[in-house]
Amino acid sequence: MTELSRPDLLPDASLSTEEMESLQREIAQSAVFEDEFDIGSTPANQADAGNEPVFDPAVLSNPLAATASDADPPIVAGVDQAFLLEDEPERALSAVVAMRGGEVIERVYAITPLEIPYIPGLLAFREGAPILDALEELTVDPDLFLFDGSGRIHFRQAGIATHIGVLVDAPAIGVAKSLLCGDPAGDLEDLPAGTRVPIEANSRVDAPDGILLGYAVQTKQYESSSRYVNPLYVSPGHRVGPEMAADVVLELSSGYKLPEPVRLADSYADEAKTLDS
DNA sequence: GCGACAG
DNA sequence: ATCTTGTCGC
């Protein structure tokens, strides 16, 4: 159900490092780092739309959105991997959890041999094939993808969320638990839940210094405690702007650090891994 | 040469 | 990512 739009940009693990980096620059040029949704056609989203395309993230998690409109709420898919490193060769288990209006409508996974080791900046060439294999198992067609890892917050602005997003030409968001590169525009310690801090390009990023790459997003925080929760690093993958990416992640987060589709994909991957071995 | 580096 | 016990807090 998830069609490849750009088979010429597949993450070929047999390429040289230079060729991989070159492909990533090509992907970054094909990527759209601003809102370009063809979804969200609910009364709430159409009201007072003017000429600007609008999209209210609330339709993603509101089960009632279906009845408030003649159309179903958009389908959001969370994607995450678990690994079978004792195997020879090592294999990856990629899990996808599809949700609509806050409810799970499908869960699939695929197990795929790994071709190369983990190399910072080249993650898509290790995990791309497993992810695409899992997406092929899907019978529904997601309107939006959330990936574990970076999107535009990447040395060449082509993290795994951007790479896969461009391949299937679908709105995609990168959700990372640690920062690969870029500079936070402020203090990230003990941020209140619901807040965000810009992540800007620096000399290590193939983009003008200061360009907004994404946000550190605080989806969860302890009330009155001596410890604090670290933020997530959210960035546009494809067809989503940085503001909307952060809005969507906050909307899909409910009581846990990770947005629900990714959190469920994470636990499903572990579950399926145990079930397999 | 040294540091930095998603999962 | 994965390997794991204890520990803090509601």
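The values are calculated or read from the model by the stated rules, or taken from the named source; none is laboratory data. Note that this is a predicted model, so its numbers are computed, not measured. Methodologically, a virtual Cβ is constructed for each residue, glycine included, from the backbone with ideal geometry; neighbour enumeration extends over all protein chains shown. With ligands, DNA and RNA removed, areas are computed over all heavy atoms of the protein, side chains included. Shrake-Rupley method; radii C 1.70, N 1.55, O 1.52, S 1.80 Å.
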**Request:** Taking H placed 1.01 Å from N in the peptide plane, check which residues at least 5 places from residue A:83 or on another chain put their amide H under 5 Å from its amide H.
**Result:** A:93
**Fill in**
Counting only protein heavy atoms and rolling a 1.4 Å probe, one gets per residue an accessible area for chain A in Å² of 45
**Request:** Along Cα→Cβ, 7 Å out, is where each label goes; now give me the distance between the ones at residue A:36 and residue A:3 in nm to one decimal.
**Result:** 1.7
**Asked** List the GluC sites (Glu not before Pro) in region A:148-256 that DSSP assigns to loop (not H, G, I, E or B) and whose Cβ has at most 16 other Cβ atoms within 10 Å. Which are they?
**Response** A:189, A:223
**Asked** Taking the simple approach of a point 7 Å from Cα along Cα-to-Cβ for both residue A:136 and residue A:270, what is their distance in nm?
**Response** 2.9
**Fill in**
Largest-first ranking of A:145, A:33 by accessible area, probe 1.4 Å, whole protein assembly kept, is A:33, A:145
**Request:** Calculate, axis by axis, the spread of Cα positions in chain A along the three principal axes, and write the results as whole Å, longest axis first.
**Result:** 53, 45, 42
**Request:** Arrange the residues A:148, A:206 by how much accessible surface each exposes, largest first, with a 1.4 angstrom probe.
**Result:** A:206, A:148
**Item:** Solvent-accessible ranking of A:215, A:109, largest area first, probe 1.4 Å
**Value:** A:109, A:215
**Complete:** For region A:7-276, the percent of accessible surface on carbon and sulfur atoms (probe 1.4 angstrom, ligands and nucleic acids excluded) is 46
**Fill in**
Packing-ranked peptide list from A:71-81, A:264-274, A:3-13, highest mean Cβ count within 10 angstrom first, is A:71-81, A:264-274, A:3-13
